[in-house]
Amino acid sequence: MSGIALVVVGAGAAGFRCAEAYRRAGGSGRVLLIGDEPELPYDRPELSKSILKGSNAHTSAYLTTAAELAELDVEFLSDARVTHLLPAERAVRVRRAGQESTVSAEGAIVLATGGRARTPPIPGVRLPRVRTLRTMADALSLRSALSGNPRVVVVGAGFIGTEIAAVARAGCDEVTVVDVVDRPLPALPPPVSAALRRLHERAGVRFRLGTSVAELHGTAAVESVELSDGEKLPADLVLIGVGLVPGDELARSAGLACDDGILVGDRFETSAPNIYAVGDVARPRSGFLGMSARHEHWRGAHDGGAALGRFLVTGEQPVSVPPWFWTEQFDAVIHAAGEPRPGDELVVRGDPDADAFTVFTRRGGVWTGVVGVDRPLEVRVAQPILGRDWPLEDALASTETDLRRALRAWTSAGA
Ligand code: FAD
């Protein structure tokens, strides 16, 4: 194949948004979007939400249609795996239906390869009915495995593990979450973890925290989970939700700078000319608050992909936005923006023992994060404080203060 302006490897949210934005910004030439799944690009957050809950309309998860791709004039290769990146030739090797071909880009190559669910090296982890959740195929098969009231053990108390536990509890009597950490969502402030735990325990989910999994036992399929403290939990289904391994193999074997993901600058550029990386696989050398942290969040994939697509056409410097994510747990939604870290100073707005409140985090006098339990508006309104040292603790802490009004003066002064 020749004469291709833009080659995008990986047809998830970041890859699709990049190709789409490139076209909508007026990018010319052929655009090729290559994905190794059989599906049209889809939104992974739906997997642990509407799809797992039983929505048959997987269409709710799709980001586009074949007709829209045709209208955008984006050529989409599904079921096609890029096996090699050839930076010197500005090309990739693609395997599809047993055939290998080389695809060269006249303009840019974008790596939007996301990652795969991490599988810890626990004895028995390959037994049948031990699952992870990353793809549409995983979600559909997990959904059917959840029918019939299995005893479920979820390994991992992060946001995917706890979301799965919440959905599983709707149809299963016994759901237990196990993690070596001492609280769920350990990256978020302790009052948020406590609220999440209350929500789960009220619904009947059990936690075994501060203990790791020693071994999974079973013959034809998993039957029990042995913890490092010796306890054995009976299990008909085990879900592993312990994070992501970034899909940076292509980049690493081509000699691009990688370190827990593909290292990128503020224009998503990698260490090789004309090769960019975006989404879950990319790790900024210097991101929000100058930190080099890789995020596995929807907003980074969507907004980052779109910003890169536009940049490739217009040369406009992509605007850096703080990390942001949400998670749905039973009827509650938690939103988090910024980089809250363990040990940050906390300012709580509302009653942390109630089901809705907001926590602001500060480090070295600078606001680092805002996390709301069922407080989406406050999280949105408060984002201008992130990265600032505005002395707002009293206004933030008092539910009597109109947050929007309190921030307006500072926002215009600080802009
Ligand atoms: P991906 O979505 O992983 O897409 C990468 C694509 O590239 C994949 O299709 C992959 O198969 C393909 N690929 C990889 N290597 C190759 C290759 N060599 N050749 C061809 N194709 C390749 N975030 C939130 O903020 N809130 C949520 O509530 C939330 N819920 C989530 C629930 C689940 C179950 C999961 C799995 C994720 C969730 N996320 C959530 C995270 C969010 O979905 C991700 O951040 C986002 O999907 C990342 O998009 P991406 O395009 O970078 O990577």
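Couple of notes before you dig in:
- Leading residue by the ranking (surrounded by the most Cβ atoms within 10 Å (Cβ to Cβ)) among those in region 138-148 that are within 12 Å of the ligand (Cβ to nearest atom) and among the aliphatic types (A, V, I, L, M): Ala139
- Residue within region 347-370 that is within 16 Å of the ligand (Cβ to nearest atom) and outside the structural domain of Ala301 (by TED's automatic domain parsing) present: yes
- Which listed residue, of Thr399, Thr411, is hydroxyl-bearing (Ser, Thr, Tyr) and within 23 Å of Ala194 (Cβ to Cβ): Thr399
Results for (1) part of a helix (DSSP H, G or I); (2) over 21 Å from the mean Cα position of the chain (by Cα); (3) not charged (D, E, K, R), shown as yes or no for each residue.
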site	(1), (2), (3)
Arg126	no, yes, no
Ala139	yes, no, yes
Leu142	yes, no, yes
Val153	no, yes, yes
Thr162	yes, no, yes
Ala170	yes, yes, yes
Asp173	no, yes, no
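- Of residues in region 84-97 being of a type in the set (A, V, I, L, M, F, W, C) and touching a Lys or Arg at 6+ places or on another chain (Cβ under 9 Å), the one farthest from the ligand (Cβ to nearest atom): Leu86
- Number of residues in region 1-38 that are more than 14 Å from Arg310 (Cα to Cα), outside any strand (DSSP E or B) and within 8 Å of the ligand (Cβ to nearest atom): the value is 7.
- Selection within region 149-167 - without any contact (Cβ under 8 Å) to a residue 60 or more places away in the chain and surrounded by fewer than 24 Cβ atoms within 10 Å (Cβ to Cβ): Asn149
- Condition check for Arg81: among the charged types (D, E, K, R), part of a helix (DSSP H, G or I), at pLDDT 95 or above and within 9 Å of the ligand (Cβ to nearest atom): no
- Qualifying residue in region 311-332 (condition: in a helix (DSSP H, G or I) and either touching a Cys at 6+ places or on another chain (Cβ under 9 Å) or over 30 Å from Gly26 (Cβ atoms) (or both)): yes
- Residue that is nearest to Val319 (Cα to Cα), among those in region 274-290 that are more than 12 Å from the ligand (Cβ to nearest atom) and in a loop (DSSP other than H, G, I, E, B): Gly287
- In region 84-124, of all residues being in a loop (DSSP other than H, G, I, E, B) and of a type in the set (Val, Ile, Thr), the one that is nearest to Arg294 (Cα to Cα) corresponds to Thr113.
- Subset of region 312-333 that is within 14 Å of the ligand (Cβ to nearest atom) and within 19 Å of His302 (Cα to Cα) - its residue that is modelled with the lowest pLDDT: Val321
- Filtered residues of region 149-174 (kept if more than 13 Å from the ligand (Cβ to nearest atom), touching an Asp or Glu at 6+ places or on another chain (Cβ under 7 Å) and not polar (S, T, N, Q)): Pro150, Arg151, Val152, Ala157
- Qualifying residue in region 177-184 (condition: away from the ligand (no atom under 16 Å from the Cβ) and at positive phi): no
- Among the residues of region 99-135, those that are away from the ligand (no atom under 16 Å from the Cβ) and free of Cβ contacts under 8 Å to residues at least 40 places away in the same chain comprise Pro121, Arg126.
The values are calculated or read from the model by the stated rules, or taken from the named source; none is laboratory data. Quick caveat, the model's predicted, so the values are computed rather than measured. Virtual Cβ from ideal backbone geometry, glycine too; neighbours counted across all protein chains shown.
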